[in-house]
Amino acid sequence: MSLAPRQQSILELVRERGYVSIEELAQQFSVTPQTIRRDINQLGEAGLLRRYHGGAAHDSSVQNTAYTQRARQMRDEKRRIADAMAQHIPDQASLFINIGTTTEAIAHALLNHRDLKVITNNLHVASILSPKEDFDVLIAGGNVRSDGGVVGQATADFISQFKVDYALIGISGIDEDGTLLDFDYQEVRVSQAIISNARQVFLAADSSKFGRNAMTRLGSLEQIDMLFTDAQPPEAFLELLTRHKVKLEVTGGPA
């Protein structure tokens with residue numbers, strides 16, 4: 001594919017930063033958002049980047065996007081997903097919450113609840129929830145990553161001491177065969193312990209996660225009780241959800 005100079009610059013910027021919004025690109029190149037969308041669509045059709053709602057990203061199967069970029073990506077969609085999931089959590093419930101910017105949005109959405117007991121390996125989630133005096137927040141020990149995630153065998157062992165009502169988890173990608181994927185094998189070990197020790201498992205996955213590649217197998221959609229997302233999943237994923245009797249809640253809202 002022969003790229004126009006602006007398209008080449010867009011591609012370089014997205015590869016450098018991992019994710020860039022349409023609004024940022026329009027300001028960067030002094031063109032309309034519609035022009036940027038056309039560029040992104042052409043680059044996406046050529047397989048050079050991936051179009052998300054509101055932006056574009058360069059996906060790698062071996063390295064996740066930087067935390068600061070993930071925190072900005074699809075922020076409104078994550079908030080709607082979080083609000084929807086929080087409505088299914090009763091007061092006085094026990095919860096696991098794992099690593100991720102979506103689960104951090106879920107933590108914010110839970111602040112109106114009462115008397116929750118939360119076990120997490122996410123320092124940001126602990127920071128959000130711990131000021132609530134009627135919440136009991138336990139943080140798992142282990143190696144602390146730069147993004148606030150706590151991982152390692154000690155973390156998985158700590159999680160395995162408990163049996164809770166709900167696991168509220170995020171994910172980096174979902175393969176077309178229903179495999180749940182992530183990047184850090186140590187994080188995956190902890191998330192597997194979380195899934196194994198919860199009575200119900202709720203997965204929060206914005207629409208960019210469907211078909212996204214990551215190299216480490218975490219589990220399968222059949223281990224999930226309910227999936228929360230912002231847009232109708234592709235047909236192949238809908239068939240898997242039906243086959244495995246996974247409930248689906250689509251939050252909708254503006255793209």
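The values are calculated or read from the model by the stated rules, or taken from the named source; none is laboratory data. As the structure is a prediction and not an experimental result, all values here were calculated from the model. FYI the Cβ positions are ideal-geometry reconstructions off the backbone, even for glycines, and counts take in every protein chain you see. For the accessible areas, the whole protein counts, side chains as well, though only heavy atoms, and no ligand, DNA or RNA atoms are used. Shrake-Rupley method; radii C 1.70, N 1.55, O 1.52, S 1.80 Å.
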Which residue fluctuates most in the GNM of the chain (Cα springs below 10 Å): 215, 85, 226? 215
Give the long-range amide H neighbours of residue 173: residues separated by 5 or more places, or on another chain, with amide H under 5 Å away, using H modelled in the peptide plane at 1.01 Å from N. 181
Take the Cα of residue 199, step 7 Å along the line toward its Cβ, and report every residue of the range 145-171 whose backbone nitrogen sits under 15 Å from that point. 162-168
Sites excluded, GluC sites (Glu not before Pro) in DSSP loops with at most 12 other C-beta within 10 Å, longest stretch of the chain: 1-132
Across the chain, where is the longest run that never hits trypsin sites (Lys or Arg not before Pro) in a DSSP loop with at most 13 other C-beta atoms within 10 Å? 1-113
Between residue 144 and residue 42, with labels modelled 7 Å along Cα→Cβ, what's the label distance in nm to one decimal, could you check? 4.8
Could you pull the Cα extents of the range 106-174 along its three principal axes, largest to smallest, in whole Å? 31, 26, 24
Note on the range 134-255: alpha-carbon gyration tensor, axes a ≥ b ≥ c; rule is a/c under 1.5 for rounded, else prolate if a/b larger than b/c, else oblate; result prolate
For the chain, with all protein chains present and a 1.4 Å probe, just round the carbon and sulfur fraction of the accessible area to a whole percent. 45
Please compute the contact order of the range 85-233 in relative form: average sequence separation of alpha-carbon pairs under 8 Å and at least six residues apart, divided by the residue count, as a percent. 22
So which residue, out of 216, 103, 35, gets the largest mean-square fluctuation from a GNM of the chain using Cα contacts under 10 Å as springs? 35
Relative contact order in percent for the chain (Cα pairs under 8 Å, 6+ apart) equals 16
Which lysines have a Cα lying under 23 Å from the Cα of residue 247, excluding residues fewer than 8 positions away in the same chain? 78, 163, 209
Of all the Cα-Cα pairs you can form in the range 66-161, what percent are over 18 Å apart? 45
Residues whose built amide H sits under 5 Å from the amide H of residue 118, excluding neighbours closer than 5 in sequence, are 95, 136, 137, 138
Given a Förster radius of 35 Å and the C-beta distance between residue 154 and residue 177 as r, what FRET efficiency does 1/(1 + (r/R0)^6) yield to the nearest 0.05? 0.65
Taking every DSSP beta bridge with both residues inside the chain, roughly what % is antiparallel (nearest 5)? 40
Suppose all protein chains stay in the model; what accessible area per residue would a 1.4 Å probe give for the chain, in Å²? 46
Label residue 92 and residue 3 with points 7 Å out from Cα along Cα→Cβ: what is the distance between them in nm? 5.8
